[in-house]
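Single-structure report; data block below.
The values are calculated or read from the model by the stated rules, or taken from the named source; none is laboratory data. All values derive from a computational prediction rather than experimental measurement. Every residue, glycine among them, receives a Cβ derived from its backbone with ideal geometry; neighbour counts consider all protein chains shown. Heavy atoms of the whole protein, side chains included, go into the accessibility calculation; ligands, DNA and RNA do not. Shrake-Rupley method; radii C 1.70, N 1.55, O 1.52, S 1.80 Å.
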Protein chains: 2
Amino acid sequence: MNDILDHRLRHSWTPEAGAGAHLPPKALRWLTARIGSLGEQAPISPDSAVVVPDSRLGEPARAALEAVVGADEVLTGRGDRLGRSGGLSYLDLLRHRHHGELDVPDAVVLPADPEQVRQVLDVCVTHDVGVVPFGGGTSVVGGVNALRGGKSSVIALDLARLDRLVSVDPVSRLAVLQAGVRGPEAERLLAEHGLTLGHVPQSFERATIGGYAATRSAGQASSGYGRFDDMVAGVRLATPAGEWTLGVAPASAAGPDLRQLVLGSEGALGVITEVTLRVRPVPEAERFEGFVLDGWERGAAAMRALAQAGDLADVTRLSDVDESEVSLSLNAGWKTAALRRYLTVRGIAEPCLLVLGWHGSSERRISARRKETVRILGEHGAIAVKPLGETWRKGRFHGPRQRDALLDLGVCVETLETAAHWSGVHRLRDAVRTALTGALTAGGHEPVIMCHISHAYETGASLYFTVLAAREDGDPAGQWQRAKSAACAAISGAGTGHGPLGTISHHHAVGVDHADYLAEEIGELGVGVLAAAKQAVDPAGILNPGKLIRTARP
Amino acid sequence: MNDILDHRLRHSWTPEAGAGAHLPPKALRWLTARIGSLGEQAPISPDSAVVVPDSRLGEPARAALEAVVGADEVLTGRGDRLGRSGGLSYLDLLRHRHHGELDVPDAVVLPADPEQVRQVLDVCVTHDVGVVPFGGGTSVVGGVNALRGGKSSVIALDLARLDRLVSVDPVSRLAVLQAGVRGPEAERLLAEHGLTLGHVPQSFERATIGGYAATRSAGQASSGYGRFDDMVAGVRLATPAGEWTLGVAPASAAGPDLRQLVLGSEGALGVITEVTLRVRPVPEAERFEGFVLDGWERGAAAMRALAQAGDLADVTRLSDVDESEVSLSLNAGWKTAALRRYLTVRGIAEPCLLVLGWHGSSERRISARRKETVRILGEHGAIAVKPLGETWRKGRFHGPRQRDALLDLGVCVETLETAAHWSGVHRLRDAVRTALTGALTAGGHEPVIMCHISHAYETGASLYFTVLAAREDGDPAGQWQRAKSAACAAISGAGTGHGPLGTISHHHAVGVDHADYLAEEIGELGVGVLAAAKQAVDPAGILNPGKLIRTARP
């Protein structure tokens, strides 16, 4: 079996050097001053106390699955099944620490190729088995939770063996990658051809090509490389109704763009097995720089100006005052006090950090682009603090690890994200902050709510919130569920009659957690159309039960 | 009634100053030398000899429709119905000249607003009436032909009264336009706010916002402004199952992007009533320039280099040798002979014209962009012949008029288009040319087949063909149908087992003419998914019968 699949890898993300290893003492002091006493419960080693029910997979189903993929590739051991039980949401992490019920698949099945995926689906239809496609397991919305959805049993269909770069078309700058290829491996395979995908979400180290496609992922460099859905030229799926291949040209008017129906379908309309992707030459030059703007409104106005002028850097990320404050506090390597003094002298009362990163075929081209960007930033009073860009770049994938450390310290820590058109961005941010503050204020302490814009468009932007609060040890899951519900209600405008303030997800997808809010956004008609599409490709309803389109939970 | 609706306008496109008014004698001589003797039949005044069957609309249906829109807005006169009988394909033009059967709607209904559209659909469900949404009537694929599809009668739902700019959000750079607004009017309405859409297909003068959306239109400046589907932030539809509104944020991971299911749905999934569009400031500066490259392969390589470097001008259009030859011949204002001599001296054996057009917020920004573009063109041996750009710009909407003139002269003249990834572009062009040449060669004369790339992407490009052949007077419709079928078979790779060489349409849509080739491109599963979506929103099947998704013709 591929090492990558090893169950231990799943937990290599928890800090090895003891709780708090990633938090400097100064940061810890700052945190407790802000959110109050942390939860007192001692850290629980994940999965140590989880009771795993026996597999419900029937013997005939198991035999049929083994006939397709081989006996070694149908796993029912405790560790194998626990390793594909849910994703990486705060609630999932709590469940692995025996807060809340963990949905454990009855088996893990590892097909070798697209044809075996199709055959596995046939078996699952015949034997009434639900199928949860499983890539990197990084969903933060319950997208890979092993719900049965009324089926007799449910398997995690782990796509790790679909790990090939199938073909490269350097003339068209296209590459076909299999669904199970993880971010770093995709880049390594493409680099052999001098190419890159340029898709670097925070989940990059684990997330897969198939998962990116299924969830409409967006990466840190999406301003330059596009969202993942912008990169997809074609898809190949296995469905219970047969193989489905889409994408013959860069653009088409041959009816609706059904690729865009598959992207974001979260395994409910088929198992994505291969993706044809637009690739680019590995950049010859790269540059990261930091800037500081005075206050959120000015920062957002600068982002808008850059997006509307077509002058966004490939990475463009604006932190609000709270997130900037935390960045400065957490990054102990920085001479924070000196920087603060400098900013005060330069007239910056409320520092908002802006990180810009450029990739390019040459330093000359980067310089040409940078010039326009810096000119616009100057109009918005931005102050250059170049090294902040490099500091951010170095820590860009540390978020999940820092979160694990905080979790062990008794902190309720989670993220959520949304997006709106520019005219509604501030109202949306205020509404989410109000909802979260209302739900998480306790003992005189408000939560820390940080926000950044990491994806700006001509017409609007995403808002990404990180929330820190003292954990309510009696009911930590309920504490967050109430806060999340309040935020989702605010975003979706449920009950207001005015429609949503923003989308329920800009790049984390629907999964289980957002399914109740989907109709508010796409209409009951939209949900009906999705259900009709699902009926056409998956009449038995085996595909990822309970995700995207709400079905009753058994 | 709105003047725009007047039946006469429909025919204002035929040349008023007599047949051939737009063709200089030199061009005519060139043409007959190339394609042989022209058809001999004298020009027929459109609609003069068409027998219009009595309206089949039942009295109860008529009364119910009149109750919704008012008695003056349900038209059953000969001219009104003929004016909404089909679009502008060569076959449609022949049908209006009594070659082939014209599908005439039983009535023309003109709702005033989205709510009336919805009510009209209710009436049509109740009374078993098919509904053909009708905008500018510029479809060249049979998209607005009044097929009954087994219904008792069929109406043309003319959206001309949905002519408002509903709202403008200057901060988000969004505008809501109603479906019936035509290209020039959209620009006029937006210009009052200093904004532009920048969408200029050749059908610009007549085509509507709703039609652009329903067909995934692409315009001459799509390299800079994007395809129409790139501009759509939201849509509002009326369906028999109710109102449907989509689009709350610039990007979303809240499931599949259902806007992309509506775009290109050609009236079969609902009647688009309003579209929320990304708009831009009216450019302060504009520049058009011409270049000449030596041969098609070098020209296409230059286009690819520009597209992959991100250095396309907003308008970027490369003609092949034949189209360049015709351009030089038709544009008598040009000192063609001198230009040819100049090009020969500069080493250009096979001139291919490249037109570039830039829009920008300032001359400075245009110059900066132009510099990179010209640098890349230099690497591909391009010679600047600046005035050719301006010449093209002046004649950019003349195509349909020139076609009418050619038609009256006895020429079989039609266009078709496709797209492929770069590595397949030459093979696709060769296959289409071979198919058309085989079908249209007669009496020792081959057709003139011109080709251009007007839409280039990082991964591929569109190919737009214009075909001229001597008309076969005995069966002019059959002559073109055989040629078109041969071209479509070549594009879709039908029967080869290798899949399509290109898309069956890059920006003209499916309509009736391409419906047989859709399954080859999106799979039987794709067609099944579309049919399921249609069933969800239009269970009675009243919407645009026989288009997009093939249904039996009565």
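Going by accessible surface with a 1.4 Å probe and the largest first, A:Tyr90, B:Tyr464 read B:Tyr464, A:Tyr90. The 1.4 Å probe gives accessible areas that order A:Ser167, A:Ser222, largest first, as A:Ser167, A:Ser222.
Against the longest principal axis of chain B, how steep is helix B:321-330, in degrees 0 to 90 to the nearest 10, with axes from Cα atoms? The helix B:321-330 is inclined about 80 degrees to chain B. Protein heavy-atom accessible surface, 1.4 Å probe, per residue over the range A:285-396: 41 Å².
Computed from Cα atoms, the angle from the helix B:422-440 axis to the main principal axis of chain B rounds to 80 degrees.
The phi-based Karplus calculation (6.51 cos²θ - 1.76 cosθ + 1.60; θ = phi - 60°) puts the 3J(HN,Hα) values of the range B:308-316 at 7, 8, x, 10, 5, 6, 5, 10, 9 Hz, whole numbers, x for Gly and Pro. Restriction of the trypsin sites (Lys or Arg not before Pro) in the range B:415-471 to DSSP coil positions whose beta-carbon has at most 11 other beta-carbons within 10 angstrom yields no sites.
When all protein chains stay in place and ligands, DNA and RNA are ignored, the 1.4 Å accessible-area order of A:Arg304, B:Arg364, largest first, is B:Arg364, A:Arg304.
The range A:34-66 and the range A:407-471 have Cα centres spaced 29 Å apart.
Chain B packed on chain A takes about 5800 Å² of accessible surface away from a 1.4 Å probe, both sides summed. Taken one residue at a time, the phi angles of the range B:454-471 give Karplus couplings (6.51, -1.76, 1.60, θ = phi - 60°) of 10, 9, 10, 10, 4, 9, x, 7, 8, 10, 10, 9, 10, 10, 10, 8, 5, 6 Hz. Gly and Pro are set to x.
The equivalent ellipsoid of the range A:314-440 has semi-axes of 27, 20, 18 Å, largest first, where each one is the square root of 5 times an eigenvalue of the Cα gyration tensor. With N as its number of residues, chain B has a Cα radius of gyration that, divided by 2.2 N^0.38 Å, comes to 0.95. With Rg and the Kirkwood Rh both taken from Cα atoms, where does Rg over Rh land for the range A:404-544? When Rh is taken as the Kirkwood radius, the ratio is 1.02. Rounded to whole Å, the principal axis extents of the Cα atoms in the range B:165-281 read 36, 29, 26, largest first.
At a threshold of 8 angstrom on Cα-Cα distance, excluding pairs fewer than six apart, so keeping six or more, what relative contact order does chain A reach in percent?
On the way: 1176 pairs, mean separation 100.1, N = 554.
Relative contact order for chain A comes out at 18 percent.
The residues of the range A:157-182 listed by number as losing at least 10 Å² of accessible area in the complex, against the isolated chain and with a 1.4 Å probe, are A:Asp169, A:Val171, A:Ser172, A:Arg173, A:Leu174. Scaled against 2.2 N^0.38 Å for its residue count N, the alpha carbon radius of gyration of the protein assembly as shown is 0.96.
Give me the distance between the Cα centres of the range A:289-363 and the range B:220-291, rounded to whole Å. Answer, in whole Å: 33. Counted by Cβ distance under 14 Å from A:Val262, the other residues give a net charge of -3, where Lys and Arg count +1 and Asp and Glu count -1. Coupling constants for the range A:46-61 follow from the phi torsions by the Karplus curve (6.51 cos²θ - 1.76 cosθ + 1.60, θ = phi - 60°), and in residue order they are x, 6, 5, 10, 7, 8, 9, x, 4, 5, 9, 5, x, 4, x, 5 Hz; glycine and proline get x. Relative to the longest principal axis of the C-alpha atoms of chain A, give the angle of the C-alpha long axis of helix A:476-492, reported between 0 and 90° and rounded to the nearest 10°. With rounding to tens, the tilt is 80 degrees. Over the C-alpha trace of the range B:213-269, radius of gyration and Dmax come out as 12.1, 37 angstrom. With 40 Å² as the minimum drop in accessible area between chain alone and full protein complex (1.4 Å probe), the qualifying residues in the range B:386-428 are B:His421, B:Ser423. Put simply, the amide H of A:Thr208, placed in the peptide plane, has neighbours under 5 Å in A:Gly136, leaving out anything fewer than 5 places away on its chain.
If I compute solvent accessible area with a 1.4 Å probe over the protein chains, what percent of it on the range A:442-542 is carbon and sulfur? Summing carbon and sulfur atoms, their accessible area is 52 percent of the total for the range A:442-542.
Taking a straight Cα-Cα cut-off under 30 Å and skipping sequence neighbours fewer than 8 places away in the same chain, the lysines within cross-link reach of A:Lys26 are A:Lys335, A:Lys386, A:Lys394, A:Lys484. Loop-located GluC sites (Glu not before Pro) in the range B:182-218 (DSSP state other than H, G, I, E, B) with a sparse environment of at most 14 neighbouring Cβ atoms within 10 Å: B:Glu192.
Surface composition of the range B:205-341: carbon and sulfur make up 46 percent of the accessible area, probe 1.4 Å. When the alpha carbon coordinates of the range A:428-506 are projected onto the principal axes, the ranges are 44, 29, 20 Å, largest first.
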